[in-house]
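Enquirer: Before anything else, here's the structure in question.
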């Protein structure tokens, strides 16, 4: 996913040195802004920009310990869903012509690929063009080349975009593969605690639900047990990047620019009767003190502690 820069050109050129660079080499300044933005995100373990995410978690009975969403502050949770079920069978039935055939889902499309006599034929079927599973199945069937698709059970009118993305390419020959949807939506708790948290195991799902601390991205609640059986769709980030983060990005752009002016291969030089020796430049690069100070309140240490 390509992320937007944390600062604009106009914000960077409030600095006199960067304003001069913009006049002489605006393309280089744009590259430095992108590099600094990426470095700030890595240093803080956060994206900062307002973006929508779909994330997958393993469920369990979370009462005291929260489930930590990867980005915050959270502006909106649009869906918490569980119970993944097979919804679309995709297969290639011509194993005489095709030596390999795979199917995969991306964030934007269903991709089918076949290899016949060392020739690769790949087709991307966008979710925007084929919005329901029924339309997606028809599009696969229309490709020819041995491709076949069938909607499973009652999922014909479900959104094709709800298929779990990034499952990787899986073999579609010899029976094909079933792609999953998350079929049950969990609602936020209106009251807390949600009934008897230690009730009968057979009835615990009646108490499933969640509550969110939007500032920290911590989601408290009860989720069905399973492995990667919970999908959470949400929007997080800042509508306006905090000024401290923007200034840190400006200062880092300046540091990168100045570092590029230093000849790191030159160790010493003589000027007439005098001489000088440059500071060793081989040590591991770190953020400057001013950049670290500006970013300190925004670092997400949970990714260091819990991952």
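Enquirer: Could you count how many residues in region 100-145 are more than 23 Å from residue 55 (Cβ to Cβ), loosely packed, with under 15 Cβ neighbours inside 10 Å and touching a residue at least 60 places away in the same chain (Cβ under 8 Å)?
Expert: Of the residues in that region, 0 qualify.
Enquirer: Is one or more of the residues making up region 259-276 assigned by TED's automatic domain parsing to the domain that holds residue 32, over 30 Å from residue 164 (Cβ atoms), modelled with pLDDT of 85 or more and out of contact with any helix residue (DSSP H, G or I) (no Cβ under 8 Å at 6 or more places or on another chain)?
Expert: Yes, that holds for at least one residue.
Enquirer: Quickly run through region 167-179 and pick out the residues that are more than 13 Å from residue 86 (Cβ to Cβ) and either in contact with a strand residue (DSSP E or B) (Cβ under 7 Å, 6 or more places away or on another chain) or buried (at least 16 other Cβ atoms within 10 Å of the Cβ) (or both).
Expert: 168, 169, 171, 172, 173
Enquirer: Okay, moving on. Could you name every one of the strands (runs of 3 or more DSSP E) located completely within region 116-186 that has at least 1 residues being out of contact with any helix residue (DSSP H, G or I) (no Cβ under 8 Å at 6 or more places or on another chain)? Can you show your working first?
Expert: On the way: elements: 119-126, 147-151, 177-185.
Hits in region 116-186: 119-126, 177-185.
Enquirer: Would you point out which residue out of 195, 199 is modelled with pLDDT under 65 and on the phi > 0 side of the Ramachandran plot?
Expert: Answer to the selection: 195.
Enquirer: Residue by residue through region 17-43, note down the ones that are surrounded by fewer than 17 Cβ atoms within 10 Å (Cβ to Cβ), over 31 Å from the mean Cα position of the chain (by Cα) and part of a helix (DSSP H, G or I).
Expert: 17, 19, 20, 23, 24
The values are calculated or read from the model by the stated rules, or taken from the named source; none is laboratory data. Everything quoted here is computed from the prediction, not taken from an experiment. Please note: Cβ atoms are built from the backbone with ideal geometry, for glycine as well, and neighbour counts cover all protein chains shown.
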